[in-house]
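One structure is given below, encoded as structure tokens.
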Amino acid sequence: TEQELLLKELPGYLSEMALFALNTGLRDQEICAMKWTDECKVSGLDTTVFIIDDIRAKNKYERIVPLNSVARSIVAGRRNNKSEYVFDYQGRKLDRMTNRAWRSAREAVGLKLVRVHDLRHTFGMRLRAAGVGFEDRQDLLGHFANRITTHYSNG
């Protein structure tokens with residue numbers, strides 16, 4: 001698939017970030033700013049979530065980011081990265097995922113127009129295809145305007 005081609009072409013750290021975006025619907029800036037201190041254990045369950053606080057969220061509303069098995073696996077693999085950030089590059093915080101490596105990878109696989117933000121659209125469309133209700137999609141995407149959620153998940 002196009003997803004597999006792109007993920008294989010990206011360098012490891014960026015491939016993990018893209019796959020995380022595809023499985024959480026987080027925005028580029030939210031992923032880059034995620035800190036280990038944002039992780040919270042879920043009482044009574046053997047899992048964690050991340051909290052995007054109201055200061056860093058685009059719409060200024062705090063939100064909870066549940067992790068599916070793929071996202072949990074990525075987080076587990078990065079747990080000992082010795083950085084305060086979940087996703088880093090050689091110990092440094094990244095400002096954005098769209099960089100020279102992203103642009104080179106998408107060109108190499110013939111997806112020149114694919115943007116990092118398109119990963120959010122894919123997440124929203126997959127939620128809809130899986131039968132996830134509108135309000136749940138809205139919460140998972142961190143939207144408060146109905147028309148935006150509709151745009152992201154085609155209805």
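Suppose we flag trypsin sites (Lys or Arg not before Pro) only when DSSP calls them loop and at most 14 other Cβ atoms lie within 10 Å. Which is the longest uninterrupted stretch of the chain? With trypsin sites (Lys or Arg not before Pro) excluded where exposed in loops, the chain gives 1-57 as its longest stretch. Here's the picture: charge each Lys and Arg Cβ at +1 and each Asp and Glu Cβ at -1 in the chain, and of V75, C40, M97 the one pushed furthest to the positive end of that dipole is M97. Springs join every pair of Cα atoms under 10 Å in this Gaussian network model of the chain, and among V70, V114, V42 the largest mean-square fluctuation is at V42. For the chain, averaging the sequence separation of C-alpha pairs within contact (under 8 Å, six or more residues apart) and dividing by the residue count gives a relative contact order of 28 percent.
Dipole magnitude for the chain: about 360 debye, using +1 per Lys or Arg Cβ and -1 per Asp or Glu Cβ, origin at the Cα centre. Between K112 and D136, the distance separating the two model label sites (each 7 Å from Cα on the Cα→Cβ line) works out to 4.0 nm.
Placing a label point 7 Å from the Cα of Q90 along the Cα-to-Cβ line, the residues of the stretch 9-31 whose backbone N sits under 16 Å from it are 11-14. Length available on full extension from S73 to K8: 0.36 nm per residue minus the Cα-Cα distance, which gives 21.7 nm.
Per residue, the stretch 2-128 exposes 56 Å² of accessible surface when a 1.4 Å probe is rolled over the protein heavy atoms with every protein chain present. So, with a 1.4 angstrom probe, what is the percent of accessible area on the stretch 11-113 that is carbon and sulfur? Carbon plus sulfur share of accessible area: 50 percent. Exposed loop sites, defined as GluC sites (Glu not before Pro) outside DSSP H, G, I, E and B with at most 13 other Cβ atoms within 10 Å, are absent from the longest region of the chain, namely 85-155. Sites counted here are chymotrypsin sites (Phe, Trp or Tyr not before Pro) in a DSSP loop (not H, G, I, E or B) having no more than 12 other Cβ atoms within 10 Å; the longest part of the chain that contains none of them is 62-143. Per-residue ellipticity at 222 nm from helix content only, as computed over the chain with -39500 (n - 2.57) for each DSSP H run of at least four residues, stands at -13500 deg cm²/dmol.
Of the residues L19, L113, L141, the one that moves most in a GNM of the chain with alpha-carbon contacts below 10 Å is L113.
Anisotropy class assigned to the chain is oblate, per the alpha carbon gyration tensor with a/c at or over the 1.5 cut-off and a/b no larger than b/c.
The values are calculated or read from the model by the stated rules, or taken from the named source; none is laboratory data. Because the structure is a prediction, the values reported are computed rather than measured. Glycine also receives a Cβ, built like all others from the backbone with ideal geometry; neighbour counts cover every protein chain displayed. These area figures cover heavy atoms from the full protein model, side chains too; ligands, DNA and RNA do not enter into them. Shrake-Rupley method; radii C 1.70, N 1.55, O 1.52, S 1.80 Å.
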